[in-house]
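Here's the structure, in structure tokens; my notes come after.
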Amino acid sequence: MAEGAATFQVAAEAYDRHAGRYGPELAPALIAAAGVTPGMRALDVGCGPGALTRELVGLLGASSVVAIDPSPPFVEAIRTRLPGVDVSLGRGEALPYEDATFDAALAQLALNFMSDPPAGVREMRRVVRPGGVVAVAVWDYVGEMTLLRAFWDTVTATDPAGSALDEGASMPYCTPETLGELFADVRPVVVSAGYDGFEDLWAPLAAGVGPAGAYVIALPADRRAAFKAAFRDRLGVADEPFRLTARAWIGVERT
């Protein structure tokens with residue numbers, strides 16, 4: 001498991017309030033890019049608490065969807081939220097399925113948290129039948145994932161030593177050039193998520209969700225308060241509801 005993956009051993013509800021907010025828009029975009037259609041059997045690799053899994057179930061039916069994730073809380077969430085889905089605890093780099101088992105293997109926001117992303121893509125290819133599809137979505141951490149770009153830019157401005165943790169630098173596949181090393185077909189998608197106010201955005205970070213949340217909870221209380229204020233100022237949001245956009249890169253390969 002990649003180092004950042006440990007930061008997702010959290011309650012499903014906490015993740016839902018973080019990157020999970022973007023799932024209802026990102027999942028249909030990934031499914032459409034992959035060309036998944038009724039009658040197919042699909043695997044959700046690194047399923048998290050189920051944003052993509054839910055969309056696949058709506059399209060294909062629970063009996064045609066299989067999911068896997070290394071986080072026990074997320075696996076339990078799938079079992080509760082989506083009964084009928086075959087969900088397992090495991091890693092994308094070592095999928096416990098026979099060759100040519102699925103028509104499609106998809107990974108939404110999971111690739112960069114694998115300990116060996118190229119091995120994960122090879123495993124996804126292995127379990128997809130000839131004529132099927134492998135597709136992944138990754139955040140544009142470098143540029144237009146507004147929430148996380150603003151977060152790490154605030155870190156750089158307030159704690160230069162912490163800038164080494166910037167996901168724009170630490171995530172190996174977050175640009176069309178790098179993702180293009182694994183997929184010939186790379187395309188952008190822009191999605192959005194709504195927040196009730198800044199405290200709604202801050203809550204999952206204060207709970208330690210994701211690499212950004214891990215950074216927040218490691219700060220002493222006084223520095224955390226100062227960082228929170230600086231981050232809020234950089235986002236330019238207040239207590240009123242607002243929306244943020246986020247760009248992802250989608251890589252697609254027909255097998």
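Normalised radius of gyration (Cα atoms, divided by 2.2 N^0.38 Å) for the range 102-157: 1.48. Secondary structure note: in the chain, about 55% of the DSSP beta bridges are antiparallel. All other residues whose Cβ lies under 12 angstrom from that of residue 102 are scored, Lys and Arg at +1 and Asp and Glu at -1, for a net of -2.
The simple Förster model, with R0 at 35 Å and r as the Cβ-Cβ distance, assigns residue 218 and residue 32 a FRET efficiency of 0.35.
Note on residue 156 and residue 184: with the Förster distance fixed at 30 Å, the Cβ-Cβ geometry gives a FRET efficiency of about 0.35.
Highest mobility in the GNM of the chain, judged by mean-square fluctuation with C-alpha springs under 10 Å and restricted to 61, 236, 120, is found for 236.
To make sure I understand, if each residue's beta carbon is the centre and we count other beta carbons within 10 Å, what order do 89, 82, 109 fall in, fewest to most?
89, 82, 109
Computed from phi, the 3J(HN,Hα) profile of the range 85-101 under the Karplus parametrisation 6.51, -1.76, 1.60 (θ = phi - 60°) reads 7, 7, 10, 10, 8, x, 10, x, 6, 8, 6, x, 10, 5, 4, 6, 8 Hz, with x in place of Gly and Pro. Would you work out if the range 4-143 is rounded, prolate or oblate? Take a ≥ b ≥ c from the square roots of the eigenvalues of the alpha-carbon gyration tensor; rounded if a/c is under 1.5, else prolate when a/b is larger than b/c, oblate otherwise. Note, shape of the range 4-143 comes out rounded. Label positions at residue 94 and residue 164, each projected 7 Å from the Cα along the C-beta direction, are separated by 2.9 nm. Per residue, the average separation of C-alpha pairs within less than 8 Å and at least 6 apart gives the range 1-88 a relative contact order of 29 percent.
Reported to the nearest whole Å, the Cα centre-to-centre distance from the range 7-53 to the range 141-160 is 24.
Calculate how steeply helix 146-158 sits against the longest principal axis of the alpha-carbon atoms of the chain, using the helix alpha-carbon long axis, and give the answer as 0 to 90 degrees to the nearest 10. It is inclined by approximately 40 degrees.
Springs join every pair of Cα atoms under 10 Å in this Gaussian network model of the chain, and among 154, 53, 178 the largest mean-square fluctuation is at 178.
Efficiency by 1/(1 + (r/R0)^6): what FRET value for residue 63 and residue 115, r their Cβ-Cβ distance, R0 = 45 Å, to the nearest 0.05? List each step's numbers first, then the result.
On the way: r = 31 Å, r/R0 = 0.69.
With R0 = 45 Å, the Cβ-Cβ based efficiency is 0.90.
When the Cα gyration tensor is reduced to axis lengths a ≥ b ≥ c, the ratio a/c is 1.5 or higher for the range 80-127, and with a/b not above b/c it is classed as oblate.
With contacts taken as Cα pairs under 8 Å at a separation of at least 6 residues, the chain carries a relative contact order of 23 percent. By the count of other C-beta atoms within 10 Å, a proxy for reagent exposure, 59, 205 are ordered fewest to most as 59, 205. Taking label positions 7 Å along the Cα-Cβ direction at both residue 254 and residue 126, the computed distance is 2.5 nm, reported to one decimal.
A short reminder: the numbers here are calculations on the coordinates, not readings from a lab. The shown structure was predicted, so the numbers you read here are calculated from the model rather than taken from an experiment. Every residue, glycine as well, gets a Cβ built from its backbone with ideal geometry; the counts of neighbours run over all protein chains shown.
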